[in-house]
Amino acid sequence: MANQEWPLWEVFIRSKQGLNHKHVGSLRASDEQMAVDNARDVYTRRSEGVSIWVVESNNVFASEPAQADSLFEPADSKAYRHPMFYDVPDGISHM
Amino acid sequence: MEKNTNLFEYVLRMGDDSLILGHRVSEWCGHGPILEEDIALTNISLDLIGQATNLLEYAGEIEGKGRDGDAIAFLRCDREYKNLLLVEQTNGDFGKTMMRQFFFDAFRRLLFERLLKSSDIQLAAIADKSLKETKYHLKHSSEWMIRLGDGTDESHSRIQDSLDSLWKYTNELFFMDEVDFSLIKEGIIPSMDGIQEEWLVYVTSILEEATLSIPTNNWKQEGGRIGKHTEHLGFILAELQYMQRAYPNMKW
């Protein structure tokens, strides 16, 4: 008998209304409905979420780790892209 | 007094259904076909044990003889258990476990929906809490019916075997005796008549989608509701009660 593994799915959970879905992990399931059910059982059993997204891992196209130098390092030397050179007026809180 | 005796008996029957099925499903813990399903089964088992706790605690209150839920769950003899024969049947393969669950969930959803309107406030509250869990159990077991029935040749033939072997226990879901009749009259519980029809419509629709056929042999088996069980219950109780029988009043 062929040992066929079920496809891998990436799971995203929204912890509260108004927040983003965040990646929490992955699991195996034969179809999208089973993936949602399994995600509910594996990742929300301690009230972690109010909404679930699943995406078959095959459908995720990722950046190449080998290209990390060229993709991300150039930004390191461009501190001026951060809004850190402004004087915050008095009376503005939560900055 | 008469009302209390009937209500006690009724709540005990429901509590025993949850307890015995919860125990059965817990036997899968660590043995599930895949990790995700293992957790799903354990969650379902815990939901059922939670329902059993609520129901058997309440039964103890109604009885008023100082027995708590634990005393009722762990310290009765087999003839005093009033669960359905269906729920004590062995797990078999995963498909058989799901078939048993599917029949039971479909019944429990309809029952809890109606018990929301029970004139007994405590029973209505238990139904409210349990209904949400049961709807999920039913979704889960229904999807497995379709997946296995309309799956491979092997999964189809194995789940059809489970359907054939468990079908004879489904009639007892709708068992009614004088306990039920008097509680129906008082508006505490619903009549089974409407439930049975709706159950059959739902179950048939899912099984058809799963390309499975309901057995035409209409021979039925029942007895659990009056304490007459299949040979399987004794083995369940031996495991369930061992600790309390060997070490009375043990707590951990």
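The values are calculated or read from the model by the stated rules, or taken from the named source; none is laboratory data. As the structure is a computational prediction, the values presented were derived from the model and not from experiment. We place every Cβ from the backbone using ideal geometry, glycine too, and count neighbours over all the protein chains shown. The area values use the complete protein model at the heavy-atom level, side chains included, leaving out ligands, DNA and RNA. Shrake-Rupley method; radii C 1.70, N 1.55, O 1.52, S 1.80 Å.
When ranked by the protection proxy of mean other Cβ atoms within 10 Å per residue, highest first, what sequence do the peptides A:31-39, B:120-128 form?
The most tightly packed comes first, giving A:31-39, B:120-128.
Using alpha carbons only, how many degrees (0 to 90, rounded to 10) separate the axis of helix A:32-43 from the longest principal axis of chain A?
Result, in degrees: 70.
Note down the net charge around B:Ser26, summing +1 for each Lys or Arg and -1 for each Asp or Glu among other residues with Cβ under 12 Å from its Cβ.
Summing Lys/Arg as +1 and Asp/Glu as -1 gives -3.
Picking from B:Thr90, B:Met192, A:Gln4, whose Cα lies most toward the positive end of the charge dipole for the protein assembly as shown (charges on Cβ: Lys, Arg +1; Asp, Glu -1)?
My answer, from the dipole projection, is B:Met192.
Looking at the protein assembly as shown, I'd like the Rg to Rh ratio, where Rg is from alpha-carbon atoms and Rh is Kirkwood's inverse mean 1/r.
Value, to two decimals: 1.10.
For region B:136-209, what Kirkwood radius comes out of the mean inverse Cα-Cα distance, in Å?
After inverting the pairwise mean of 1/r, the radius is 14.3 Å.
Using +1 on the beta carbon of Lys and Arg, -1 on that of Asp and Glu, and nothing else charged, what's the dipole of the protein assembly as shown about the Cα centre, debye to 20?
Computed about the Cα centre, the dipole is about 820 debye.
Pop out the ³J(HN,Hα) list for region B:200-208 in order, Karplus 6.51 cos²θ - 1.76 cosθ + 1.60 with θ = phi - 60°, rounded to Hz; leave Gly and Pro as x.
The phi angles translate into 5, 5, 5, 4, 4, 5, 5, 5, 5 Hz.
Counting only other chains, what is the mean number of Cβ atoms within 10 angstrom of the Cβ of each residue in peptide B:36-47?
Average neighbour count from other chains, rounded to a whole number: 4.
Which of these, B:Glu222, B:Glu231, B:Glu57, has the largest mean-square fluctuation under a Gaussian network model of chain B (Cα springs below 10 Å)?
B:Glu231
Would you tell me the mean number of C-beta atoms belonging to other protein chains that fall within 10 Å of each C-beta in B:67-75, as a whole number?
Averaged over the peptide's residues, the number is 0.
Given C-alpha coordinates of region A:8-81, what is the ratio Rg to Rh with the Kirkwood estimate of Rh?
That ratio is 1.14, to two decimals.
Let me confirm one metric for peptide B:133-140, namely the mean number of other chain beta-carbon atoms within 10 Å of its residues' beta-carbons.
Per-residue shielding by partner chains comes out at 1.
What is the helix-to-structure angle for B:35-63, meaning the angle in degrees between its Cα long axis and the longest Cα principal axis of chain B, kept from 0 to 90 and rounded to the nearest 10?
Orientation of helix B:35-63: about 30 degrees from the principal axis.
Count charges around B:Tyr202 for me, please; just the other residues with Cβ under 13 Å from its Cβ, Lys/Arg as +1, Asp/Glu as -1.
Every neighbour counted, the sum reads -2.
What residue among A:Leu27, A:Tyr43, A:Val54 has its Cα farthest toward the positive end of the dipole of region A:8-81, where the charges are +1 on Lys, Arg and -1 on Asp, Glu, each on the Cβ?
So the residue furthest toward the plus end is A:Tyr43.
Would you kindly find the accessible area of B:Ile39, with a 1.4 Å probe and non-protein molecules such as ligands, DNA and RNA excluded, rounding to the nearest 10 Å²?
Using a 1.4 Å probe on the heavy atoms, I get roughly 40 Å².
Within chain A, which is the longest segment that contains none of the chymotrypsin sites (Phe, Trp or Tyr not before Pro) sitting in a DSSP loop with at most 11 other Cβ atoms within 10 Å?
After excluding every exposed loop site, the longest remaining stretch is A:1-60.
Compute the helix-to-body angle for B:2-26: its Cα long axis versus the longest principal axis of chain B, expressed 0 to 90° and rounded to tens.
Once rounded, one gets 40 degrees.
Kindly compute the accessible surface that chains A and B hide from a 1.4 Å probe when together, both sides summed, and give it to the nearest 100 Å².
The summed interface area works out to 1200 Å².
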